[in-house]
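What follows is calculated from the coordinates using simple rules that are stated; it is not laboratory data. Keep in mind that what you see is a predicted model, and the values were worked out from it rather than measured. Cβ sites come from the backbone with ideal geometry, for glycine too, and all protein chains shown count toward neighbours.
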Amino acid sequence: MDTQLILFNGFNGLIVGAFYVLMALGLSLILNLSGVINFAHGGFLAVGGYLAYTLTPYIGFWPSLLVAPTLTAILGVVIERTMVRRLYGRDPLYSLLLTFGLAFIFEDMTRAIWGAQGVPFAPPEYLSQPISLDLFFVTYYRLFMMAVVFIAVLALFMFLRYTRIGVRIRAGTLDLETVSALGVNVRALRTLNFAVGIFLAGLAGVLAGGNLSLEPTMGANVLMPSFVAIIVGGVGSLPGTLVGGLLIGVAAGLTSVWFPSASEAVIYVIMAVVLLVRPRGLMGEEGVMT
Amino acid sequence: MSTLVADGLHTYYGKSHILHGVSLEVAEGKITTLLGRNGAGKTTTLRSLVGLTPSREGKVTIFGRDTTRWPTFRVAALGVGYVPEGRKIFPNLTVDDNLKVPLQRPGPWTAARVYELFPRLAERKENRGRQLSGGEQEMLSIGRALLLNPKLLILDEPSQGLAPLIVREVFRVVARMRDEGISVLLVEQNVRMSLEISDQVYVLDDGKVVHSGSAAELAADEERVRAMAGASAEEWTLPE
Ligand SMILES: Nc1ncnc2c1ncn2[C@@H]1O[C@H](COP(=O)(O)OP(=O)(O)OP(=O)(O)O)[C@@H](O)[C@H]1O
Ligand SMILES: [Mg+2]
């Protein structure tokens, strides 16, 4: 077997896994603190990507990298405050239906504004170069992407670990009632937490846009694998989500070396096997972090 | 002046009507104790007072403000510390992190001072909540509430399930809080010891206040105290 082909697909898998991680961490945050399964998460990813596409000609690529996810997060705050919040504490089915509907609206809105055809979103020229001829698939952009994901994940974990607000989010994951009895404005906490999750989705959108191209359906495509990443890693455990996302990304990438047609199915096989062996996921049962 | 006034609270869990017009007052700088057998509605009363299970009828006034419809965090932020039944320590957080959760209102209580009050906790700073003994969890739960710098401290059965020596320690701390000027509302099943430190007593049964008066007066009535203290959960009645 050609090592280069294995490297190529393994590396692709790692990139894809990094997207799953960004998406799944945001989904996990929102699920853990608010009990909402955010089906609109993919929609936020697309919005982030398209906003960066629109902003870049005016403000440049680097500022867009932060501004687009921030605007996406603000949109998230508006939606949380006006709609999602009303369904907290009810049967999860309500918020699931709401976000499911929002996902369709997002997709159609992006289609209406930016067109049904994919639009190219090019990162700066110097980032698009491969680092060597042998490793033509390892462009500087892809390394840069990995670095951004790494920094974002590290920042998130530090935030949860060391800041007072992060500590409250971790506490609220298990017992929000007691957090509120200690004087913490849990409405604001949930809104902020929602915003952080949506920011990560927006960031994933910007990065994904530079890697492939922008499509209205791009969010829907990574949503399901992101849920799988959460389940494989163990619901409630953010480190588990991290491991789960990378694992299924790389597994799907490597599978495409031998059985290209099975590369999508393999993540569900992994999920089934993990659930059979460890019903609460790899790091479920009160993971390291939450 | 009353720190807290509850007037005619009717509280429900879904369709079941639990509190039937509970009224009580907590005097400033005093310990007011709520006694009653299992299932009498003591916890429900406290939950109604802090807004966790808002009453459907009635009025709650805390520090002169009508807090009846306030969300819990606003009530707490007003200066109401709550030590819940079962302590409700965050099991996944270290002792130190547990102390980072509460809103820090300005006042004398800081994490350093909590560690001074409970040296045991200082030794276990890096341990997770779930690794603590019942007594340590109770101390942490009280310390956590103190960080809010409360003017009113509400405790729900702090002595539950603790060894006698620790129980004594807990009661000593509660009495000390009163001496520092904090008004206290205490729910207890340990009748004798709570009467010892209390100023005012209410007895709750079946969601109604069936007795109220000074603690000294009730403590003097040995027959009643014995009946209340010795009663099992099943057969607990207030002798007239
Ligand atoms: N979440 C709930 N849903 C429905 N009923 C409840 C709920 N919590 C308590 N109850 C019922 O309300 C009544 C009062 O309960 P409460 O917990 O207030 O009693 P308590 O006096 O605190 O008892 P204990 O001494 O056992 O703590 C009981 O009959 C109990 O079964
Ligand atoms: Mg109780």
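Points worth noting:
- As a length-normalised measure over Cα pairs under 8 Å and 6 or more apart, the relative contact order of chain A settles at 35 percent.
- For B:Glu57 and A:Leu93, the FRET efficiency from 1/(1 + (r/R0)^6), where r spans their Cβ atoms and R0 equals 25 Å, is about 0.20.
- Contact order relative to length of segment A:132-290, as percent, for alpha carbon pairs under 8 angstrom and 6 or more apart: 20
- Inter-part distance where segment A:143-200 and segment A:207-228 are each reduced to a Cα centre, Å: 23
- Rounded to the nearest 20 debye, dipole of segment A:1-154 from Cβ charges on Lys, Arg, Asp, Glu: 500
- Comparing B:Gly161, B:Gly129, B:Gly36 in a Gaussian network model of chain B (Cα springs below 10 Å), the most mobile by mean-square fluctuation is B:Gly161.
- A:Leu212/B:Ala163 FRET efficiency (R0 56 Å; Cβ-Cβ; nearest 0.05): 0.30
- Stretching B:Ala27 away from B:His10 to a fully extended chain increases their span by 3.9 nm, per 0.36 nm per residue minus the current alpha-carbon distance.
- Annotation: the residues A:Phe144, A:Phe194, sorted from fewest to most other C-beta atoms within 10 Å of their own C-beta, follow the order A:Phe144, A:Phe194.
- One quarter of the convex hull surface built on the alpha carbon atoms of segment A:12-131 amounts to 8.8 nm², the projected area averaged over directions.
- Over chain B, dividing the summed -39,500 (n - 2.57) contributions of all DSSP H runs of at least 4 residues by the number of residues returns a 222 nm mean residue ellipticity of -9500 deg cm²/dmol.
- With both labels modelled 7 Å from their Cα along Cα-to-Cβ, the A:Thr70 to B:Asn38 distance reads 5.7 nm.
- Diffusion coefficient, µm² s⁻¹, Stokes-Einstein with Kirkwood Rh over alpha-carbon pairs of chain B at 25 °C and 0.890 mPa s: 136
- Between B:Ala111, B:Gly135, B:Thr61, the Cα set farthest toward the positive side of the dipole of segment B:2-230 (charges on each charged residue's Cβ, about the Cα centre) is that of B:Ala111.
- Relative contact order (percent, whole number), chain B, Cα cutoff 8 Å, 6+ residue spacing: 26
- Maximal additional length on extending the A:Ile105-A:Val78 stretch stands at 8.2 nm, based on 0.36 nm per residue less the C-alpha distance.
- In this Cβ point-charge picture (+1 for Lys and Arg, -1 for Asp and Glu), segment B:2-230 has a dipole of about 740 debye about its Cα centre.
- Spatial offset of segment A:45-84 relative to segment B:1-22 amounts to 48 Å, using the alpha carbon center of each.
- Ranking of A:Phe100, A:Phe157 by count of other Cβ atoms within 10 Å, fewest first: A:Phe100, A:Phe157
- Built from the Cα atoms of chain A, the convex hull projects on average onto 15.7 nm², one quarter of its surface area.
- Only helical runs count toward this figure. For chain A, summing -39,500 (n - 2.57) over DSSP H runs of n ≥ 4 and dividing by all residues gives -25500 deg cm²/dmol at 222 nm.
- Annotation: the antiparallel percentage among DSSP beta bridges lying fully within the protein assembly as shown is about 60.
- Taking Cα centre as origin and charging only the Cβ of basic (Lys, Arg, +1) and acidic (Asp, Glu, -1) residues, the dipole magnitude of the protein assembly as shown rounds to 700 debye.
- Axis angle, to the nearest 10 degrees, between helix A:61-82 and the longest C-alpha principal axis of chain A: 30 degrees.
- Inter-label distance, nm, simple model (7 Å from Cα along the C-beta direction), A:Glu125/B:Gln131: 5.8
- Counting only alpha carbon atoms, the long axis of helix A:266-277 and the longest principal axis of chain A meet at about 50°.
- Estimated distance in nm for a label pair at B:Arg120 and B:Ser214, the labels positioned 7 Å out from Cα along Cα-to-Cβ: 3.4
- Packing rank of B:49-56, A:226-233, where each peptide gets the mean count of other beta carbons within 10 Å, highest leading: A:226-233, B:49-56
- Between helix A:3-34 and chain A: long-axis angle, C-alpha atoms, 0 to 90°, nearest 10: 10
- Cα gyration tensor, the protein assembly as shown - rounded (a/c under 1.5), prolate or oblate: prolate
- Cβ-based charge dipole, segment A:1-157, positive-most Cα from A:Leu154, A:Phe44, A:Trp114: A:Phe44
- Residue by residue along B:66-76, Cβ atoms of other protein chains within 10 Å of the local Cβ number 3 on average.
- FRET efficiency for B:Glu223 and B:Arg69, using Cβ-Cβ distance with R0 set to 25 Å, rounded to 0.05: 0.05
- Sum of side-chain charges, A:Leu160 neighbourhood, beta-carbon under 14 Å (Lys, Arg +1; Asp, Glu -1): +4
- By the beta-carbon count within 10 Å of each Cβ, the least crowded to most crowded order of A:Val186, A:Val179, fewest first, is A:Val186, A:Val179.
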